[in-house]
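Enquirer: The structure under discussion is supplied below as structure tokens; questions concerning it will follow.
The values are calculated or read from the model by the stated rules, or taken from the named source; none is laboratory data. Bear in mind the structure is a predicted one, so any value in this text is a computation, not a measurement. Please note: Cβ atoms are built from the backbone with ideal geometry, for glycine as well, and neighbour counts cover all protein chains shown. Heads up: the accessible areas ignore ligands, DNA and RNA and are worked out on the full protein's heavy atoms, side chains in. Shrake-Rupley method; radii C 1.70, N 1.55, O 1.52, S 1.80 Å.
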Amino acid sequence: MTSPVLIGVDIVEADRLARAAGRGGAVFSGHITTPAERELGTGEEAFPVKESFIKAVGGRPPGFSWHDFEALAERPAGWTGRLLDEAAEELTASTGLTLTGGATYAVRGACRRAALVRLASHQAPMEGAVAGAARWGHSAGLLVSLAIVFVDRKGE
């Protein structure tokens with residue numbers, strides 16, 4: 001059985017993001033990223049990646065936190081990796097922007113609940129952990145990100 005997937009894309013001017021991060025410093029970084037993400041070295045891509053996840057789940061639900069999405073050390077693998085590779089190729093073909101980075105993401109809190117509601121509208125109620133995966137890249141002064149959200153049904 002094919003699982004439904006939610007998709008989001010974000011493109012932001014790198015200079016604009018750098019100015020915002022410069023003004024906010026450690027407060028900005030702490031607001032957007034978790035301590036574990038900072039240990040992983042999550043950089044400037046964290047903001048557009050999380051914005052693409054927000055778009056995938058349908059916006060910022062009540063109770064939203066930037067920490068609802070947390071980068072994990074693993075790169076997308078299996079069907080999620082293949083789906084992201086295919087979508088990244090299509091995005092590159094249509095925009096000329098190349099996506100070279102990638103990671104899997106935990107999806108928690110209000111965004112997890114919002115994702116379950118949107119995913120359940122596509123088929124029977126969802127069971128399993130809500131997860132995410134993203135690809136991102138820098139090109140022509142832009143940061144571009146592509147994210148998917150899905151129910152991780154181990155063993156399928």
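Enquirer: Of the conditions (1) within 20 Å of LEU17 (Cβ to Cβ); (2) of a type in the set (Val, Ile, Thr); (3) in contact (Cβ under 8 Å) with a residue 60 or more places away in the chain, THR34 satisfies every one except a single condition; which number is it?
Expert: (3)
Enquirer: Also, quick follow-up: Would you mention how many residues in region 37-55 are among the acidic types (Asp, Glu), free of Cβ contacts under 8 Å to residues at least 60 places away in the same chain and touching a Ser or Thr at 6+ places or on another chain (Cβ under 8 Å)?
Expert: Residues of region 37-55 that are among the acidic types (Asp, Glu), as a first pass: 37, 39, 44-45, 51.
If we keep only those that are free of Cβ contacts under 8 Å to residues at least 60 places away in the same chain too, we end up with 37, 39.
If we keep only those that are touching a Ser or Thr at 6+ places or on another chain (Cβ under 8 Å) as well, we get none.
Number satisfying all stated conditions: 0.
Enquirer: Go through GLY96, GLY58, GLY78, GLY141 for me and flag whichever is at positive phi and without any contact (Cβ under 8 Å) to a residue 40 or more places away in the chain. Outline the logic, then answer.
Expert: Details: GLY96 fails: without any contact (Cβ under 8 Å) to a residue 40 or more places away in the chain; GLY58 fails: without any contact (Cβ under 8 Å) to a residue 40 or more places away in the chain; GLY141 fails: without any contact (Cβ under 8 Å) to a residue 40 or more places away in the chain.
Exactly one of GLY96, GLY58, GLY78, GLY141 is at positive phi and without any contact (Cβ under 8 Å) to a residue 40 or more places away in the chain, namely GLY78.
Enquirer: Any residue in region 121-133 that's modelled with pLDDT of 65 or more: show its pairings with residues that are open to solvent by 60 Å² or more (accessible area, probe 1.4 Å) at Cβ separation under 6 Å, as long as the two are six or more apart or on different chains.
Expert: From residues that are modelled with pLDDT of 65 or more, the pairs are VAL130/ARG112.
Enquirer: Using beta carbons and a limit of 9 Å, which pairs, at least six apart or on different chains, have the first residue in region 7-27 and farther than 23 Å from ALA56 by Cα and the second one open to solvent by 80 Å² or more (accessible area, probe 1.4 Å) and in a helix (DSSP H, G or I)?
Expert: GLY24/HIS31
Enquirer: Can I ask one more? Among the residues of region 124-133, is there at least one that is more than 25 Å from PHE28 (Cα to Cα), of a type in the set (Gly, Ala, Ser) and part of a helix (DSSP H, G or I)?
Expert: Scanning region 124-133 turns up no residue that is more than 25 Å from PHE28 (Cα to Cα), of a type in the set (Gly, Ala, Ser) and part of a helix (DSSP H, G or I).
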